[in-house]
1. Among the residues of the range 216-252, count how many are of a type in the set (S, T, Y), over 17 Å from the mean Cα position of the chain (by Cα) and over 18 Å from A145 (Cα atoms).
2. Just name the residue that is nearest to the chain's Cα centre (by Cα) out of those in the range 130-147 that are farther than 30 Å from P99 by Cα and in a helix (DSSP H, G or I).
3. Name the residues in the range 219-254 that are assigned to a helix (DSSP H, G or I), at pLDDT 95 or above and of a type outside the set (D, E), would you?
4. If we keep just the residues of the range 148-171 that are farther than 11 Å from Q96 by Cα and of a type in the set (G, A, S), which is modelled with the lowest pLDDT?
5. Can you name the residue in the range 152-186 that is assigned to a helix (DSSP H, G or I) and basic (K, R) and, of all such residues, is surrounded by the fewest Cβ atoms within 10 Å (Cβ to Cβ)?
6. Only one of these is more than 25 Å from K160 (Cα to Cα) and touching a residue at least 60 places away in the same chain (Cβ under 8 Å): A21, A75, A57, A31. Name it.
7. Report yes if I238 is surrounded by fewer than 15 Cβ atoms within 10 Å (Cβ to Cβ) and within 18 Å of A183 (Cβ to Cβ), otherwise no.
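The values are calculated or read from the model by the stated rules, or taken from the named source; none is laboratory data. Here the structure is a predicted model, which means the values were calculated and not measured. Cβ coordinates were reconstructed from backbone atoms using ideal geometry, including for glycine residues, and neighbour counts include every protein chain displayed.
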Amino acid sequence: MNRLKGKTAIVTGAASGLGRAQAITFAQEGAQIVVADLNLDGVNRTVEEIRDLGGNAIGVKVDVTVDEDIDQLVALATSTFGKISVLSNTAGMFDQYKPLLDTPDDFWNKILKINLTSLYKVTSKVLPHMLEQQYGIIINLASGAGLIGGGGGIGYTSTKHAVIGFTKQLNADYGQKGIRANAIAPGLIETPMVQNLIDDPHSGIMDTLKKIPAGRYGQAQEVADLALFLAGDESRYIYGAVIPVDGGLLSTLR
């Protein structure tokens, strides 16, 4: 307990799934949490759960592609808690394995905005505060699809490869100024974002499941446990890493 005592964390996409699990886990370890998501009902549920567990959290409805919303998020975090120690860029969307010719311009632009441009926008608003305090930890949720082909459609796969490049360049530019950025690459994790595929016996997910050495889907808590490690001092010499949480799936494909 208290591995993150004294730290303030912003978690985007925290209304459900991986973001929610991180927000709760960080709070249980003593961090003050800003729960951010477009789904206000989900935000309120996450905040309530954190408070019920004795943690300290505030919530805000945020569209991570809109500058004004991000400004409000950062202003709320700094005015309430005085600093931003950790940023977890978790908000994202999946493309249901759409290939290029089934991906129209509007969908391509949407997934690019949500999965990649949002990281640029949110991080660019948070980073000046971290640089001022000469300390900041950034955790970007990439995907196993960012390391291979076939883990998603053309839009999802392209954006997750880009998230990894974004993370590495953050370290190249700001690592010596107190900023430490790493990426997590989840595999098949049982979350609301992909639950429809898990529930569909014809989705092809079962074929992938058979290849996982661990023999099962991952759980959001298992991703949150890695995020906790990256947010804490135990990982202080880890910069620019891309760490899979996939039950060994990538080891069978590369």
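1. Step one: list which residues in the range 216-252 are of a type in the set (S, T, Y), which gives 217, 235, 237, 239, 251-252.
Among the residues that remain, those that are also over 17 Å from the mean Cα position of the chain (by Cα) are: 217, 235, 237, 251-252.
Subsequent filtering for residues that are over 18 Å from A145 (Cα atoms) retains 235, 237.
Total satisfying the criteria: 2.
2. Filtering the range 130-147 for residues farther than 30 Å from P99 by Cα gives 130-138.
Checking the rest, the ones that are also in a helix (DSSP H, G or I) come to 130-133.
Numbers: M130: 18, L131: 21, E132: 24, Q133: 23 Å.
Among those that are farther than 30 Å from P99 by Cα and in a helix (DSSP H, G or I), it is M130.
3. First, pick out the residues of the range 219-254 that are assigned to a helix (DSSP H, G or I): 220-231, 233-235, 249-253.
The next check asks that each one be at pLDDT 95 or above; those that pass are 220-231, 233-235.
Scanning the range 219-254 gives A220, Q221, V223, A224, L226, A227, L228, F229, L230, A231, S235.
4. Here the residue is G150.
5. Looking only at the range 152-186, we keep the residues that are assigned to a helix (DSSP H, G or I), and these are 154-177.
From what's left, basic (K, R): 160, 168, 177.
Working: K160: 26, K168: 18, K177: 12.
That would be K177.
6. Numbers: A21 fails: more than 25 Å from K160 (Cα to Cα); A75 fails: touching a residue at least 60 places away in the same chain (Cβ under 8 Å); A57 fails: touching a residue at least 60 places away in the same chain (Cβ under 8 Å).
Among A21, A75, A57, A31, only A31 is more than 25 Å from K160 (Cα to Cα) and touching a residue at least 60 places away in the same chain (Cβ under 8 Å).
7. Details: surrounded by fewer than 15 Cβ atoms within 10 Å (Cβ to Cβ): yes; within 18 Å of A183 (Cβ to Cβ): yes.
For I238, the condition - surrounded by fewer than 15 Cβ atoms within 10 Å (Cβ to Cβ) and within 18 Å of A183 (Cβ to Cβ) - is met.
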